[in-house]
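All remarks here apply to the structure that follows.
The numbers here are math on the coordinates, done by the rules we state, and not lab data. As the structure is a prediction and not an experimental result, all values here were calculated from the model. Positions of Cβ are generated from backbone atoms using ideal geometry, with glycine treated the same way; all protein chains shown enter the neighbour counts.
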């Protein structure tokens, strides 16, 4: 059975669809509060379709809102992580001026390339800023010494020397000493002292000698 | 009284229009006229968000500094409004397929309300049975300088897309000396 629509009915149908499409055009440019008008008093064939469209718009709007909330939360968390990272960076490279002209960098934990770069940058900046002559890298708190870690220290020492300062390592534990020898790692270019105290005493003496005699005795 | 507002997509469209049709020096001149507040809004404009309508007035006034109060500028306003009527999404494309010129004029107040808030509105009075067209009144648009000309371009282009032949659109009420009248009347006719 077919039902033919009258011209009036067709015009009404067209107008309702046009109204819905205008609403959808609002939705298309991001207005999720847009709603297609549904005439619930009538039993129009399009009511169900329009109601579904409204549900779709509302659901999409809710998704967008949730997405915005997630993004905002994520941004907040990233901000916190970045702040914490900055705090950790600062704590992981505590450069201490032990004496006028003597800096100390106590290294604790594991050395990787990122941390090594961070440490080297901070140390070199401090050397320039404080016009340091002697730098002590104390590795008492280092956990693992392998070829890469040694390489990091070698590079750090070379950079320090390029700035006209001296660099010494202290705090090498018996275990690390054995590992270094066992692995055949070369630490010849790095001056070592038994302890931080020894290194400091050595450099303070040299500073005093220089101050009194005007010439450093090596 | 609530400040008249306009959708972000109209601002964005207007800015995109002059950036696409003018040369670099003119664009720089227009943008040199804009307030910091408007520049900031344009940098991160949200199409569906509402902005003060004065932003659009500021844009159109800056726009007019390039070629002055001339027929050329009037033409640019019309073209800007006309390009606002170009279908930019599938729903509008579908809309253009389904609408008739008469239905478009009937829905003109909705198109206006879609893009404006607390900012006047259209009243449509179709011509007699023997003629095709309408007398249109856009009222409550005081201080919306040049906005009425943009909308004239919009109406012209939509009706042209809907296949009207011998289309004539006239306006009465706007002039360079009175760019933001309280009301403006349009007469739209086609064969």
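See the values below:
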{"quantity": "Relative contact order for chain A, counting Cα pairs under 8 Å that sit 6 or more residues apart, in percent", "calculated": "13 percent"}
{"quantity": "Bins of 10 Å from zero: percent of alpha-carbon pairs in chain A", "calculated": "7, 22, 17, 9, 6, 7, 9, 9, 8, 4, 1, 0"}
{"quantity": "Sequence of A:50, B:77 once ranked by neighbouring C-beta atoms within 10 Å, starting from the fewest", "calculated": "A:50, B:77"}
{"quantity": "Fewest-first ranking of A:124, B:138, A:91, using other Cβ atoms within 10 Å as the exposure measure", "calculated": "A:91, A:124, B:138"}
{"quantity": "Calculated P(r) of the stretch B:5-84 - Cα pairs past 17 Å, %", "calculated": "40 percent"}
{"quantity": "Label point distance in nm, residue A:125-residue B:113, each placed 7 Å from Cα along Cα→Cβ", "calculated": "6.0 nm"}
{"quantity": "Per-residue average of Cβ from other chains inside 10 Å of B:9-15", "calculated": "1"}
{"quantity": "Tilt relative to chain B, helix B:71-84 - C-alpha long axis, 0 to 90 degrees, to 10", "calculated": "70 degrees"}
{"quantity": "The stretch A:7-89 - Rg and Dmax from Cα coordinates, angstrom", "calculated": "21.2, 76"}
{"quantity": "Relative contact order computed over the stretch B:98-190 (Cα-Cα under 8 Å; 6+ residues apart), in percent", "calculated": "30 percent"}
{"quantity": "Helix B:8-21 vs. chain B, principal-axis angle (Cα, 0 to 90°, nearest 10)", "calculated": "80 degrees"}
{"quantity": "Ellipticity estimate at 222 nm from DSSP helix runs (n ≥ 4, -39,500 (n - 2.57)) divided over chain B, nearest 500", "calculated": "-16500 deg cm²/dmol"}
{"quantity": "Compactness of the stretch A:93-213, expressed as Rg and Dmax over alpha-carbon positions, Å", "calculated": "13.9, 44"}
{"quantity": "For q = 0.13 Å⁻¹, Debye-computed log10 I/I(0) when each Cα of the protein assembly as shown counts as one equal scatterer", "calculated": "-1.09"}
{"quantity": "Distance between modelled label sites at residue B:69 and residue B:98, nm, 7 Å Cα→Cβ extension", "calculated": "4.4 nm"}
{"quantity": "Reduced Cα scattering model of chain B, Debye log10 I(q)/I(0), q = 0.08, 0.09, 0.17, 0.18 Å⁻¹", "calculated": "-0.25, -0.32, -1.17, -1.31"}
{"quantity": "Spacing of the two label points (7 Å from each Cα toward its C-beta) at residue B:177 and residue A:202, in nm", "calculated": "9.6 nm"}
{"quantity": "In degrees, nearest ten, helix A:113-130 long axis to first principal axis of chain A (Cα)", "calculated": "60 degrees"}
{"quantity": "Chain B - percent relative contact order, Cα under 8 Å, separation 6 or more", "calculated": "23 percent"}
{"quantity": "The stretch A:165-209: radius of gyration over Cα atoms, expressed as a fraction of 2.2 N^0.38 Å", "calculated": "1.33"}
{"quantity": "MRE, 222 nm, helices only [DSSP H, n ≥ 4, -39500 (n - 2.57), over chain A, to nearest 500]", "calculated": "-20500 deg cm²/dmol"}
{"quantity": "Nearest-0.05 FRET efficiency for residue A:49 and residue A:4, computed from C-beta distance (R0 25 Å)", "calculated": "0.75"}
{"quantity": "Computed E for residue A:192/residue A:87 - FRET, C-beta separation, R0 30 angstrom, nearest 0.05", "calculated": "0.45"}
{"quantity": "Exposure proxy order (Cβ contacts within 10 Å, fewest to most) of A:41, B:29, B:7, A:68", "calculated": "A:41, A:68, B:29, B:7"}
{"quantity": "The stretch B:98-190: mean projected area of Cα convex hull, nm²", "calculated": "5.8 nm²"}
